[in-house]
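Data block below; observations after.
The values are calculated or read from the model by the stated rules, or taken from the named source; none is laboratory data. Just so you know, these numbers come straight off a predicted model, no measurement behind them. A quick note on method: Cβ atoms are made from the backbone with ideal geometry, for glycine too, and the neighbour counts reach across all protein chains shown.
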Amino acid sequence: MKTVYGTLLNHRPALAALGESVHQAPYKAPPRAPVLYIKPRNTWAGPGAEVVLPAGVSELEIGASLGLVFGRTACRVDEAGALEYLEGYTIVADISVPHSVFYRPSVRHKARDGFCPIGPRTVPRTQIANPDRLALRVEVDGQTRQRSATSDMLRPVARLIADVSEFMTLSRGDILLLGVAHGAPRACAGQSAAIEIDGLGRLEIHFVAARETR
């Protein structure tokens, strides 16, 4: 991997939930281009990872997202051929400290150590018939807490790739998150969670207090 990019407000219900606030200062309008942020290297973790709750934080948000894994450089690509730039797809848990700022999330909320579990594997692009028709499920302690679908996104996979690559180059090994559904479930220390995406498998993670880390 080289860089993992998150995408904000690509989920229709998430944008709708902001209501009239998107028309107020300082933004005064819904975003016209993809709103991105970075999950830096220190956040990356694998399947079964332990996610540590920072001191003073009682729970964390579990953002389930389809990860678009690039197999070659993408720069100003056409939407019609955008999927050809992908190696495949993976599951990404975009973990966050609960926060209310959407356009410019604080690094302190999104980029803590271990806040981006990825896996369990990259499924080749050719094995997924339609990435815009995948169901996502989030479980906490074995109970389903959220159901969503990639069909709920404002920008489908190919459109997102085309729009992002219009203003920045995406390199082989980069992962671009399609986006997180509104109402991400939360978990406390001592709880376990899992994200499932059709055809991609199951990503399991565990939440622990700092003193419980091994």
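Structure values in brief
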item: Single residue of 162, 184 found to be in contact with an Asp or Glu (Cβ under 8 Å, 6 or more places away or on another chain) and modelled with pLDDT under 95; result: 184
item: Strands (runs of 3 or more DSSP E) fully within the range 95-183 counting 2 or more residues that are surrounded by fewer than 16 Cβ atoms within 10 Å (Cβ to Cβ) and polar (S, T, N, Q); result: 143-149
item: Residues (in contact (Cβ under 8 Å) with a residue 24 or more places away in the chain and either farther than 17 Å from residue 49 by Cβ or outside any strand (DSSP E or B) (or both)) located in the range 198-211; result: 198, 199, 200, 210
